[in-house]
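See structure below.
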Amino acid sequence: MGNFATATAASSAGGPVEVDENDFGPSSAAGTPTTTDAGSGGPATTTKEQRQMTAKLRQHSLSSVRKLQELLHECNVQLATFRNAIQSIGTAGDGPQLRKEVDNSARACVRCCEVTKNCVLPQLKHEGVEFTRHASQFIGCVSACVIEMKRCEALEETFPGDVNVAAPHIENMEHMLETLENLITVHYSTSEAAPADKVTPRRRRGTATCRPVCCSKLKTSYA
């Protein structure tokens, strides 16, 4: 009150008014309030860190999806090569060279599926819908590999060769397929919405709420 009275008296006398900066509370050297100093880790810094973390997670997710796409493409290529090779078993082109090609194709198919499985399993619970969709496509590819290997086994029994190519790989591929199917089933069952979040269908109106007017019109029409 003393400073305010002094300033009022000086202004009425026509002299310069001196203002004490302590009357307006503490402030920083730049003139901004010290409560939201940029160097104190305020909300702006937290938001920036959150955006950086979100960008890193998005980039990691895109990288995982891209890698899975490449591996899935390679699995399909190896499967097509194996399918094309076993079609010549029992034909005029059958021989030791063809059986060796079939063996190499089967090993490459199994090896590619193993690499893709090792990419899918650790990340399935942490990735989004796109990653899960490609993982489902990979399960279809593994299932097709099992079918083609059983077909190859049947051809090898019909047209025996020096070595059975498909028989050693069938059990391994069936175990891989079962593991992937169980994991996908658990993933979808745990990622479903809670029962409270699901839309409850409206109850249909029963026959007990029929209007008398409708019944009277119906009787009149029969009369």
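The values are calculated or read from the model by the stated rules, or taken from the named source; none is laboratory data. Every value quoted in this text rests on a predicted model; they were computed, and no experiment measured them. In this analysis, Cβ positions are derived from the backbone assuming ideal geometry, glycine residues included, and neighbour counts consider all displayed protein chains.
State all residues of region 86-110 that are part of a helix (DSSP H, G or I), among the hydrophobic types (A, V, I, L, M, F, W, C) and more than 14 Å from P160 (Cα to Cα); if no residue qualifies, say none. If you could, list the steps in order and put the result at the bottom.
Filtering region 86-110 for residues part of a helix (DSSP H, G or I) gives 86, 96-110.
Narrowing the set further to residues that are among the hydrophobic types (A, V, I, L, M, F, W, C) leaves 86, 98, 102, 106, 108-110.
Hits for region 86-110 are A106, A108, C109, V110.
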TODO: Specify the residue that is surrounded by the fewest Cβ atoms within 10 Å (Cβ to Cβ); the eligible residues are those in region 123-132 that are free of Cβ contacts under 8 Å to residues at least 60 places away in the same chain and part of a helix (DSSP H, G or I).
DONE: V129
TODO: Scan region 177-198 and give yes if some residue there is exposed (fewer than 11 other Cβ atoms within 10 Å of the Cβ), of a type outside the set (V, I, T), modelled with pLDDT of 85 or more and in a helix (DSSP H, G or I), otherwise no.
DONE: yes
Open item on the list: Testing V115 on (1) touching a residue at least 60 places away in the same chain (Cβ under 8 Å); (2) over 30 Å from D94 (Cβ atoms); (3) aliphatic (A, V, I, L, M), one condition comes back false. Which one is that?
Closed with: (1)
Task: Top-ranked residue in region 79-122 [being surrounded by 17 or more Cβ atoms within 10 Å (Cβ to Cβ) and of a type in the set (D, E); ranked as farthest from I139 (Cα to Cα)] - done: E101
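Which of the residues belonging to region 85-122 are among the polar types (S, T, N, Q) and in contact with an Asp or Glu (Cβ under 7 Å, 6 or more places away or on another chain)? Before the answer, list the steps.
Narrowing region 85-122 to residues among the polar types (S, T, N, Q): 87-88, 91, 97, 104-105, 116, 118.
Matches in region 85-122: S88 only.
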Task: Contacts under 8 angstrom Cβ, first residue in region 79-99 being more than 17 Å from A154 (Cβ to Cβ), partner part of a helix (DSSP H, G or I), 6 or more apart - done: L79/C109; L79/C141; L79/A144; L79/C145; L79/E148; T81/S105; T81/A108; T81/C109
Open item on the list: When the residues of region 133-175 are narrowed to those that are among the hydrophobic types (A, V, I, L, M, F, W, C), in a helix (DSSP H, G or I) and at pLDDT below 90, which ends up nearest to K100 (Cα to Cα)?
Closed with: A167
